[in-house]
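Structure first, then comments.
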Amino acid sequence: FAFVFTPFAHATKKDYILGPGDIVRITDYDHQDMTTEARISERNAITFPLIGEVRIGGSSSGAAEAAIAKQLEQGGFVKQAQVNVVISQFHSQQISVLGQVNKPGKYAIETASNVADLLAIAGGVNQIGADNAVLVRQGDSGTVKKEIDLIALLQSGDTTQNMEVMNDDVIFVPRAQ
(Lines give C-alpha, C1' and ligand atoms only; values in the text may rest on other atoms or scores of the structure.)
Protein backbone atom coordinates (compact mmCIF):
# COMPACT_ATOMS: atom_id res chain seq x y z
CA PHE A 1 0.00 0.00 0.00
CA ALA A 2 1.14 3.51 -0.71
CA PHE A 3 -0.25 5.84 1.93
CA VAL A 4 -1.31 9.22 0.66
CA PHE A 5 -1.58 11.85 3.37
CA THR A 6 -4.29 14.30 2.43
CA PRO A 7 -6.86 16.07 4.54
CA PHE A 8 -10.26 14.44 4.50
CA ALA A 9 -13.11 16.57 3.30
CA HIS A 10 -15.69 17.10 6.02
CA ALA A 11 -18.77 15.66 4.39
CA THR A 12 -22.23 16.73 5.38
CA LYS A 13 -24.92 14.31 6.55
CA LYS A 14 -26.44 12.51 3.60
CA ASP A 15 -29.02 9.88 2.88
CA TYR A 16 -28.14 6.23 3.30
CA ILE A 17 -27.41 4.64 -0.09
CA LEU A 18 -29.19 1.33 -0.61
CA GLY A 19 -27.08 -1.65 -1.60
CA PRO A 20 -26.98 -5.44 -1.96
CA GLY A 21 -28.15 -7.26 1.16
CA ASP A 22 -30.24 -4.40 2.53
CA ILE A 23 -33.86 -5.35 3.22
CA VAL A 24 -36.53 -2.80 2.37
CA ARG A 25 -40.25 -2.59 3.09
CA ILE A 26 -42.16 -0.93 0.24
CA THR A 27 -45.73 0.32 0.53
CA ASP A 28 -48.08 2.36 -1.61
CA TYR A 29 -50.35 4.55 0.47
CA ASP A 30 -53.50 3.74 -1.55
CA HIS A 31 -52.68 0.08 -2.30
CA GLN A 32 -51.67 -1.67 0.92
CA ASP A 33 -52.13 -5.06 -0.79
CA MET A 34 -48.91 -4.38 -2.76
CA THR A 35 -46.82 -4.01 0.41
CA THR A 36 -43.59 -5.90 -0.16
CA GLU A 37 -40.49 -6.69 1.87
CA ALA A 38 -37.49 -7.54 -0.29
CA ARG A 39 -33.73 -8.02 -0.08
CA ILE A 40 -31.75 -6.02 -2.62
CA SER A 41 -29.90 -8.47 -4.87
CA GLU A 42 -26.25 -8.38 -5.94
CA ARG A 43 -27.57 -6.77 -9.14
CA ASN A 44 -28.97 -3.90 -7.01
CA ALA A 45 -32.56 -4.89 -7.76
CA ILE A 46 -35.74 -6.04 -6.02
CA THR A 47 -38.89 -7.60 -7.42
CA PHE A 48 -42.08 -5.63 -6.91
CA PRO A 49 -45.69 -6.75 -7.68
CA LEU A 50 -46.99 -5.86 -11.16
CA ILE A 51 -43.78 -4.24 -12.41
CA GLY A 52 -41.21 -6.97 -11.73
CA GLU A 53 -37.55 -6.12 -11.27
CA VAL A 54 -36.65 -2.58 -10.20
CA ARG A 55 -33.07 -1.39 -9.73
CA ILE A 56 -32.93 0.59 -6.49
CA GLY A 57 -29.44 -0.22 -5.21
CA GLY A 58 -27.03 2.68 -5.42
CA SER A 59 -29.77 5.21 -4.68
CA SER A 60 -31.37 6.77 -1.62
CA SER A 61 -34.75 5.56 -0.36
CA GLY A 62 -36.31 8.74 -1.80
CA ALA A 63 -34.92 7.99 -5.26
CA ALA A 64 -36.09 4.36 -4.92
CA GLU A 65 -39.61 5.60 -4.04
CA ALA A 66 -39.64 7.79 -7.15
CA ALA A 67 -38.39 4.96 -9.41
CA ILE A 68 -41.04 2.49 -8.20
CA ALA A 69 -43.82 5.09 -8.39
CA LYS A 70 -42.78 6.03 -11.94
CA GLN A 71 -42.89 2.40 -13.10
CA LEU A 72 -46.29 1.81 -11.44
CA GLU A 73 -47.70 4.91 -13.17
CA GLN A 74 -46.08 4.22 -16.57
CA GLY A 75 -47.39 0.66 -16.51
CA GLY A 76 -50.90 1.98 -15.93
CA PHE A 77 -51.22 0.04 -12.67
CA VAL A 78 -51.57 2.99 -10.30
CA LYS A 79 -52.44 6.64 -10.86
CA GLN A 80 -50.36 9.01 -8.74
CA ALA A 81 -48.53 6.32 -6.79
CA GLN A 82 -47.48 7.33 -3.28
CA VAL A 83 -44.68 4.90 -2.59
CA ASN A 84 -42.78 4.66 0.69
CA VAL A 85 -39.47 2.76 1.05
CA VAL A 86 -38.25 1.99 4.58
CA ILE A 87 -35.01 0.14 5.26
CA SER A 88 -35.78 -2.65 7.71
CA GLN A 89 -32.28 -4.18 7.80
CA PHE A 90 -28.96 -2.55 6.93
CA HIS A 91 -26.31 -4.85 5.48
CA SER A 92 -24.61 -3.33 2.45
CA GLN A 93 -22.40 -0.66 4.03
CA GLN A 94 -19.97 -1.74 6.71
CA ILE A 95 -17.04 -0.32 8.66
CA SER A 96 -14.32 -2.27 10.45
CA VAL A 97 -13.33 -1.11 13.93
CA LEU A 98 -10.10 -2.84 14.95
CA GLY A 99 -7.37 -2.72 17.54
CA GLN A 100 -7.76 -1.70 21.16
CA VAL A 101 -11.54 -1.38 21.38
CA ASN A 102 -13.82 -3.46 23.61
CA LYS A 103 -15.75 -5.09 20.75
CA PRO A 104 -13.64 -5.11 17.55
CA GLY A 105 -15.47 -6.15 14.42
CA LYS A 106 -17.34 -5.18 11.30
CA TYR A 107 -20.37 -2.95 11.84
CA ALA A 108 -23.19 -1.96 9.49
CA ILE A 109 -23.71 1.74 8.89
CA GLU A 110 -27.38 2.44 9.49
CA THR A 111 -27.25 6.17 8.86
CA ALA A 112 -24.55 8.62 7.98
CA SER A 113 -22.19 7.92 10.89
CA ASN A 114 -18.94 9.28 12.23
CA VAL A 115 -15.90 8.05 14.14
CA ALA A 116 -17.44 8.70 17.59
CA ASP A 117 -20.58 6.73 16.65
CA LEU A 118 -18.55 3.72 15.52
CA LEU A 119 -16.27 3.79 18.56
CA ALA A 120 -19.38 3.82 20.77
CA ILE A 121 -20.87 0.85 18.89
CA ALA A 122 -17.54 -0.99 19.34
CA GLY A 123 -17.77 -0.46 23.11
CA GLY A 124 -15.21 2.33 23.30
CA VAL A 125 -11.43 2.26 23.56
CA ASN A 126 -10.14 -0.31 26.06
CA GLN A 127 -7.63 0.37 28.90
CA ILE A 128 -4.54 -0.27 26.79
CA GLY A 129 -5.72 1.76 23.80
CA ALA A 130 -3.84 4.82 22.61
CA ASP A 131 -5.07 8.42 22.71
CA ASN A 132 -5.33 8.42 18.93
CA ALA A 133 -6.97 6.34 16.24
CA VAL A 134 -6.39 6.02 12.51
CA LEU A 135 -9.13 6.19 9.88
CA VAL A 136 -8.10 4.33 6.71
CA ARG A 137 -10.07 4.82 3.49
CA GLN A 138 -9.54 3.47 -0.01
CA GLY A 139 -9.77 6.47 -2.34
CA ASP A 140 -9.51 6.91 -6.09
CA SER A 141 -5.82 7.78 -5.75
CA GLY A 142 -4.95 5.01 -3.30
CA THR A 143 -5.15 4.51 0.44
CA VAL A 144 -5.83 7.61 2.51
CA LYS A 145 -4.96 7.62 6.21
CA LYS A 146 -6.09 10.21 8.78
CA GLU A 147 -4.95 10.29 12.40
CA ILE A 148 -7.68 11.20 14.89
CA ASP A 149 -6.90 12.74 18.27
CA LEU A 150 -9.34 10.89 20.55
CA ILE A 151 -8.67 13.18 23.53
CA ALA A 152 -9.58 16.25 21.45
CA LEU A 153 -12.62 14.48 20.04
CA LEU A 154 -14.07 12.92 23.18
CA GLN A 155 -12.98 15.23 25.98
CA SER A 156 -12.69 18.60 24.25
CA GLY A 157 -15.49 18.06 21.74
CA ASP A 158 -13.31 18.96 18.74
CA THR A 159 -15.73 18.13 15.90
CA THR A 160 -12.97 18.42 13.28
CA GLN A 161 -11.71 15.09 14.67
CA ASN A 162 -15.10 13.41 14.23
CA MET A 163 -14.80 12.35 10.61
CA GLU A 164 -17.79 10.95 8.75
CA VAL A 165 -17.24 7.28 7.92
CA MET A 166 -18.03 5.60 4.63
CA ASN A 167 -18.50 2.05 3.39
CA ASP A 168 -15.33 -0.10 3.77
CA ASP A 169 -13.51 2.41 6.01
CA VAL A 170 -11.33 0.99 8.79
CA ILE A 171 -10.95 2.62 12.20
CA PHE A 172 -7.88 1.33 14.00
CA VAL A 173 -7.00 2.10 17.62
CA PRO A 174 -3.36 1.15 18.35
CA ARG A 175 -1.95 0.03 21.69
CA ALA A 176 -0.75 2.89 23.89
CA GLN A 177 3.04 3.35 24.04
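Just add up the charged neighbours of LEU119: K/R +1, D/E -1, any other residue whose Cβ is under 14 Å from the Cβ of LEU119.
Values: positive: LYS103; negative: ASP117, ASP131, ASP149, GLU164, ASP169.
Result for the local shell: -4.
Answer with one residue from LEU153, ALA69, TYR16: the one whose Cα lies farthest towards the positive end of the charge dipole of the chain, charges on Cβ with Lys, Arg +1 and Asp, Glu -1.
My answer, from the dipole projection, is LEU153.
Please give the contour-minus-distance gain from GLN94 to SER141: 0.36 nm per residue of separation, less the Cα-Cα distance, rounded to one decimal in nm. Mind dumping the intermediate values first?
Numbers: separation 47, 0.36 × 47 = 16.92 nm, distance 2.11 nm.
Full extension from GLN94 to SER141 adds 14.8 nm.
Per DSSP H run of n ≥ 4, the term is -39500 (n - 2.57); total these for the chain, divide by its residue number, and report the mean residue ellipticity at 222 nm rounded to 500 deg cm²/dmol. Walk me through the numbers before you get to the answer.
Details: 3 runs with 26 residues, N = 177.
Calculated mean residue ellipticity at 222 nm is -4000 deg cm²/dmol.
Percent of accessible area on region 61-137 owned by carbon and sulfur, 1.4 Å probe? Walk me through the intermediate numbers first.
Numbers: 1770 of 3760 Å².
Solvent-exposed carbon and sulfur of region 61-137 make up 47 percent of the total.
For the chain, take the longest principal axis of its alpha carbons; what is the angle in degrees between that and the long axis of helix 61-74, to the nearest 10 within 0 to 90?
10
Find how many whole Å separate the alpha carbon centroid of region 146-173 from the alpha carbon centroid of region 104-128.
If you average the Cα positions of each part, the centres end up 10 Å apart.
Residues of region 102-125 with backbone nitrogen within less than 20 Å of a virtual label 7 Å along the Cα-to-Cβ line of ASP158, please, listed as ranges.
Flagged as within label range: 114-120, 125.
For the chain, with every protein chain kept in place, what is the accessible area per residue (1.4 Å probe, Å²)? Don't skip to the end; give the middle numbers.
On the way: 9990 Å² over 177 residues.
In whole numbers, the chain has 56 Å² accessible per residue.
Would you mind estimating how fast region 120-177 diffuses translationally, via Stokes-Einstein at 4 °C and 1.567 mPa s with the Kirkwood radius over Cα pairs, in µm²/s? Intermediate results must be reported in sequence, preceding the final value.
Working: Rh = 12.2 Å.
The Stokes-Einstein estimate is 106 µm²/s.
Would you mind calculating the gained length between LEU50 and ILE151 on full extension (0.36 nm times residue separation, minus the Cα-Cα distance), in nm to one decimal? Show your work: numbers first, answer last.
Values: separation 101, 0.36 × 101 = 36.36 nm, distance 5.51 nm.
Computed gain between LEU50 and ILE151 is 30.9 nm.
Would you kindly find the accessible area of TYR16, with a 1.4 Å probe and non-protein molecules such as ligands, DNA and RNA excluded, rounding to the nearest 10 Å²?
30
The values are calculated or read from the model by the stated rules, or taken from the named source; none is laboratory data. Predicted model, so just to flag it, every value in this text is computed and none were measured. Cβ sites come from the backbone with ideal geometry, for glycine too, and all protein chains shown count toward neighbours. What goes into the accessible areas is simple: the full protein's heavy atoms, side chains included, and nothing from ligands, DNA or RNA. Shrake-Rupley method; radii C 1.70, N 1.55, O 1.52, S 1.80 Å.
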